[in-house]
Each structure stands twice: as structure tokens, then as C-alpha cells.
Amino acid sequence: MAYSGGKGNCFQQIINLMPKHQCYVEPFAGHAKVYEHKKAAEVNFALDLDWSAIAHLKERFAPRLEVRRMCGIQLLEQREFSENTLIYCDPPYLNAGVRYYRHFLSEPEHKRLLRSLISQPKAMIMISGLDSSLYRDMLSNWHCHPIINVTRNGRVTEYIWTNYDPNLFEKHDSRYLGENYREREKYKRQVTSIKRKLESIDKAQLRELSSWLTSKLEEN
């Protein structure tokens, strides 16, 4: 089944918002396009209620991804995750219904999901969705990041809400730096050029550069 909110066309933007983590959890995994393209964590969990999605995940990613058929909200309500855990929730669109999902969420279920995420005291959390007063009101203290996705209905603006400021953390996976393909290719060329130059200098100069870089990073 094709997913209305699949992330195959915007995973780069999502990965760019991910801080470094040891455990990764997707409570609404679908076909796990974000997990497929990101750098794996030490421990990785994917949950879904759709049997076809579960079969796909097990065939595609086992054994490095632990897959369970389970309600994502139930897991979030039952378990408290550590500060080294990143939870990425990509639930069915609010008000999408059975036209697009075998297992959709009603508005009360979206409220229940958001309450379960807000109640997590330590974990780093991301949740994606369309603009709605429900999400704006319940996540008013979170950071909101617009992203562009291309779905079966065309080009849409989605939003990623995070309970942390991505600019204050080291990125988990820096391969997709840049807002678009052109910027990402530009950054790759720049990094390649810098690496070549660094290979030609001696260890004393490298140590001096390392000290300078550390001080600059601490300033920011």
C-alpha cells in the first residue's frame, strides 16, 4: 500500500534535524524510508499495525532493525525512553481516514499520541504532520520546522515538531547537509576540497587547527 505521507522524497530534510543518538524508535514506521536512508543507531526499533508494512520491514531490514507489530501510542504510554533515544513519529495525517491508511488515527487518538510524547521526560522527539490547530496548540512550546514533501497529491508543506533545538546538537548524520540537492552537492564538494587540503599539512598544524575549531564550536 502506498502511504499518503511517505517520506521517500523528503528524508534528507528530516535527517538533517536529527541529533546524535544511540537508540532510534519509529512508532509509525510504514516502509521506514527515513530509517532506510539515515545512519543506523546502535539500537533500532520499528513499529506498525499494518501486516504488509511489518512483512516489508522484516524482509528489507532484519536483523539490524527490530520490528514489532504494535500500536505506537501504546508503546509510548507504557515505556519511558532515555535521553540517548530519538523517537521519530510519522503518524497518519490528521483527518486522512481510511482512504489513505489501513490504520488511521482519529482526532482523539492524535491527542492521545501528542500527550504520550509530551509526557516523555527525557527522550529527544520528532513528529511530522500537516499544519493543524491541534498540533500548534498542544506543541506550542516545541520547535517547528517546515519541510517540502511530494506526495500522491502533489507538492505539500509538512512540519516537523521537535522538543529540542536541532542547532544546539551535533548531527547524527551529516551526509544530507543543505536545503536542497544543489546545496547538498555544493557542501559535498567543499568538504572534499577541505579534506584534500588537510591531508597535505603536518600533525602540528592539524593540532593547531583542531584547537581553533574546538574553540569556535564552543563559542557557538
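The values are calculated or read from the model by the stated rules, or taken from the named source; none is laboratory data. Small disclaimer: the values here were computed from a predicted structure and weren't measured. Cβ: placed from backbone, ideal geometry, glycine included. Neighbour counts: every protein chain shown. The protein model used for the area step is the full one, side chains on, heavy atoms only, and it has no ligands, DNA or RNA in it. Shrake-Rupley method; radii C 1.70, N 1.55, O 1.52, S 1.80 Å.
Solvent-accessible surface of the chain, taken per residue with a 1.4 Å probe and all protein chains present: 58 Å².
Using only the alpha carbon atoms of the chain, find the Kirkwood hydrodynamic radius as the inverse mean reciprocal pair distance, in angstroms to one decimal. The answer is 18.9 Å. The distance from the alpha carbon centre of segment 165-200 to that of segment 38-93 is 28 Å, rounded to a whole number. When a 1.4 Å probe is rolled over the protein heavy atoms, the share of accessible surface on segment 41-165 that falls to carbon and sulfur comes to 47 percent. Karplus-based coupling profile of segment 79-88, in residue order and whole Hz: 10, 9, 8, 7, 5, 8, 9, 10, 9, 10, with θ = phi - 60° in 6.51 cos²θ - 1.76 cosθ + 1.60 and x standing for Gly or Pro. Quick one: net charge of Gly129's neighbours, Cβ under 11 Å, K/R +1, D/E -1? Within the 11 Å Cβ shell, the charges total -2.
Computed extension length for Asp202-Asn141: 17.2 nm, one decimal, from 0.36 nm per residue of separation with the Cα-Cα distance subtracted.
Taking 19 Å as the cut-off, the amide N atoms of segment 57-86 that come nearer than this to a point 7 Å along the Cα-to-beta-carbon line of His37 belong to 57, 60-61. Placing +1 on the Cβ of every Lys and Arg and -1 on the Cβ of every Asp and Glu, with no other charges, gives segment 151-212 a dipole of roughly 380 debye about its Cα centre. Phi angles of segment 163-171 translate, via the Karplus equation with coefficients 6.51, -1.76, 1.60 and θ = phi - 60°, into HN-Hα couplings of 8, 8, 8, x, 6, 9, 10, 5, 6 Hz per residue; Gly and Pro are given as x.
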